[in-house]
Amino acid sequence: MSSLTLIFTVLAAASSRASEVFGTIRRTILTPIGRVFDFLLAPVDRAFRPLAKVFNRTLGKFLGTVTGLQLAFVLTTFLLLLTGGIWGASIIAFEPGEGLIALDIRRPLAYACIWAVFAMGWDIQSGYTGYISFGHSVLSGGAAYTTAVLLNEVSSTLPLYVTAPISVFAAVVIGLLIALPSLRLQGPYFSLITFAAVLLFFQATRAFDILGGSAGLRITRVIPAADSFTRYYLLLIPMLLIAVALTVLSRSNYGLIFTAIRENEDAVSAAGINPTKFKIWSFLISSIVMGIGGVMLTAAVSNVDPTQFVQVDRSIEMIAMAVVGGIATVLGAMGGAFVFFLLKEVVLNLFIDEAALRLFVLFLLVVLILVFARDGLFRKLWHRLGQIGGEEP
Amino acid sequence: MSLLEVENLTKKFGGLTAVDNLSFGVEEGEILGVIGPNGAGKSTVFNCVMSRYDVTSGTITFNGDDITDTSTHKIVNKGLSRVSQESDPIDIFPVAGNIRLFTLPNSLLSLYGGADMEEIASYAARVDLQDKLEETPDELPHADVRRLEIAKALATEPELMLLDEPFAGMNQQEIRKLSEQIESLREEGMTMIVVDHNMSGLMQLVDRVVVIHNGAKLAEGTPDEIAENEDVQDAYLSGEEI
């Protein structure tokens, strides 16, 4: 008992000390750095203001309005993504013990595109409506397994334009099977169903021979792995199209209604809007996106297996990506996927050799972001950029 | 035919009878007051009318349609809207966004339907909120939040509005202002049912009064008749002050 008290006293002291330290860091380091950035970025904001005006007048209704600096940020990101196939071939990194080295990160960049699709697909449903799914990999995995089974059981030469629509359709069917019974109800029931669904599917992949067991199903790559340049662009382009499409939807009435469902579902009914219909609709949109993501991932690999495609960890990673970037933002979730995936596959690799420890540190970082930047890195950044342009905090 | 007809409405929660075989109607263009002490079952009646609760027995008809088991959003789209006792605006939307939500069509095909800023401002203007469209509800004083609830209800273009304790928590001046606004809504042709446990505030406003006590109807009549009714006085004296 007394040792417990001691532990709590130490913890309390440590946490108050930590918040003190954090306060000092904020005062002496972060705030001055912020001021320097404000000073440097203010001219950029002014330079892009005319362009932002044109953007807001023409595309603002569909994509949301921006300040000069926010537009500059979006354009820079867009340019970086579009040129990733070139600069990604050789970036300079620092590895302890080795010094400066050149790294080809086009493979992780390409896979990050796929995970960005997953994170955005999760976000447009769970992030916006607040009905949190813990089993979104059941949708992408469903599409992937449909492709793999078709290739193995029907004909290994079936082209993508045949397997892809069927696979996306399969994701939609699975989505309906989950959404129809569970989304009629309010509350945590839906989350539990999605969680159970992914566990069920994971077991099914191992229980039924047609699904290949834990070894999975071998398939021929549609996107050749040898050509990193082409692979990156074949995955980047559908990702960008989905990002634009989901941004448009999130800025339409859908976004308003989905958010209202999260904030106050009874108010949605009182507004004469059927919340069940829109909840199921959000899940269907999400299923389509997850289906496309599943097809993209399947096209880039030579084996569809339960660990890579279904296991509940994959669903949790999608959530972590959206959380890191900012829930209910679409583009934040996309950015979060890149941050998360590049941390996992590139940055942490430089410092930590052991895989398990790497994942531990990765999820520790996710928790820290949840504690210190609850709204997500990109939402925080976005508002900060907006403030430099004189937008209200 | 009455605009809204509640017939033999009973609502039980387990062994407790919250509403007991209650019948009343409201005519087009009138303001009906429903009064009774706290816990008399007034809000439960509204919850049954709006299908927030399933009724135990009885029927509710609106404009001749049986709406007893119709879901809430369909009832709203038929022209019935309710202002809840508890304000529940969405704090992350500004006033305009809160009102706009109530103008959106219940359609998956409508990406950009619903009221524009001008229409939203006109709903807000009917309760004097037109200057606060950009503010979020948590920045507003209590009386304005209550008015926002009315603006939201108005935005669904109702024929009949249910107002549940609209004056709760307001001071005398705010009550007077809101009474005037309700009065002018009536002049525009709106039918209303106003629930309150406080008789005095309501008597100037309403055409007719139904008094509920322990879930059952105790009396019905003009405000003057009710004020002199001995049963009503007894009920109130035993429970709350008038």
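With the simple model of a label 7 Å out from the Cα in the direction of the Cβ, B:Gln204 to A:Ile29 spans 6.4 nm.
Work out the charge dipole of the protein assembly as shown with +1 on the Cβ of Lys and Arg and -1 on the Cβ of Asp and Glu about the Cα centre, then indicate which of A:Val44, A:Leu348, A:Asn264 is farthest towards its positive end. In the protein assembly as shown, that residue is A:Leu348. For the residues A:Thr77, A:Thr31, A:Thr157, a GNM of chain A with alpha-carbon springs under 10 Å puts the largest fluctuation on A:Thr31. The residue list B:His142, B:Asn98, B:Thr156 was ranked by how far each Cα lies along the charge dipole of the range B:85-157 toward its positive end, using unit charges on Cβ atoms, and B:Thr156 comes out on top.
If you take each beta carbon of peptide A:261-268 and count the beta carbons of other chains within 10 angstrom, what is the mean?
On the way: counts 0, 2, 7, 7, 0, 6, 9, 7.
Across A:261-268, the average partner-chain Cβ count within 10 Å equals 5.
Note on B:Asn21 and B:Ser71: their simple-model spin labels are 3.4 nm apart, each label 7 Å out from Cα toward Cβ. Other residues lying with their Cβ under 14 Å from the Cβ of A:Gly326 contribute a combined charge of +2, Lys and Arg counting +1, Asp and Glu -1. Ranking A:Phe208, A:Val310, A:Gly130 by Cα position along the charge dipole of chain A, where only Lys, Arg, Asp and Glu carry charges on their C-beta atoms, puts A:Gly130 farthest toward the positive end. Label positions at A:Gln186 and B:Leu108, each projected 7 Å from the Cα along the C-beta direction, are separated by 2.3 nm. Considering only A:Thr205, A:Thr329, A:Thr307, the mean-square fluctuation computed in a Gaussian network model of chain A, springs between alpha carbons under 10 angstrom, is largest for A:Thr307.
Under a Gaussian network description of chain A, with springs only between Cα atoms under 10 Å, the residue in A:Gly142, A:Gly34, A:Gly212 that fluctuates furthest is A:Gly34.
What FRET efficiency would be calculated for the residue pair A:Ile86, A:Ala226, taking the C-beta separation as r and a Förster radius of 30 Å, to the nearest 0.05? Write out the running numbers ahead of the final one.
Values: r = 18 Å, r/R0 = 0.59.
Efficiency for this residue pair is about 0.95.
Full extension of the chain between A:Leu176 and A:Leu40 yields a length gain of 43.9 nm, computed as 0.36 nm times the residue separation minus the alpha carbon distance.
DSSP loop GluC sites (Glu not before Pro) in the range B:108-151 with at most 13 other Cβ atoms within 10 Å of their Cβ, which ones? Present the calculation step by step, with values, prior to reporting the outcome.
Working: sites: B:Glu118, B:Glu119, B:Glu134, B:Glu135, B:Glu139, B:Glu149; in loops: B:Glu134, B:Glu135.
Here the GluC sites (Glu not before Pro) that fit, given the DSSP loop and packing criteria, are B:Glu134.
Below 9 angstrom from the Cβ of A:Tyr131, what's the summed charge of the other residues (Lys, Arg +1; Asp, Glu -1)? Once all neighbours under 9 Å are counted, the net charge is +2.
For B:His213, the residues whose amide H sits under 5 Å from its own are B:Leu218, ignoring neighbours fewer than 5 places away on the same chain, with H placed 1.01 Å from N.
Counting helices only, and only those DSSP H runs with n ≥ 4, report the 222 nm mean residue ellipticity of chain B as the sum of -39,500 (n - 2.57) divided by its residues, in deg cm²/dmol to the nearest 500. Walk me through the intermediate numbers first.
Values: 9 runs with 81 residues, N = 242.
My calculation for chain B gives -9500 deg cm²/dmol from helical runs alone.
What's the exposure ranking of A:Phe202, A:Phe62, going from fewest to most Cβ atoms within 10 Å?
Numbers: A:Phe202 23, A:Phe62 14.
The fewest-first ordering by Cβ neighbours comes to A:Phe62, A:Phe202.
Taking a ≥ b ≥ c as the square roots of the Cα gyration tensor eigenvalues, with a/c under 1.5 meaning rounded and otherwise prolate when a/b beats b/c, else oblate, which class fits chain A?
Values: a/c = 1.30, a/b = 1.26, b/c = 1.03.
Note, shape of chain A comes out rounded.
Taken together, the values in this text are just the output of simple stated rules run on the coordinates, not laboratory data. In this text, all values refer to a predicted model and were calculated from it rather than measured experimentally. Heads up, the Cβs are rebuilt from the backbone with ideal geometry, glycines too, and the neighbour counts pull from every protein chain shown.
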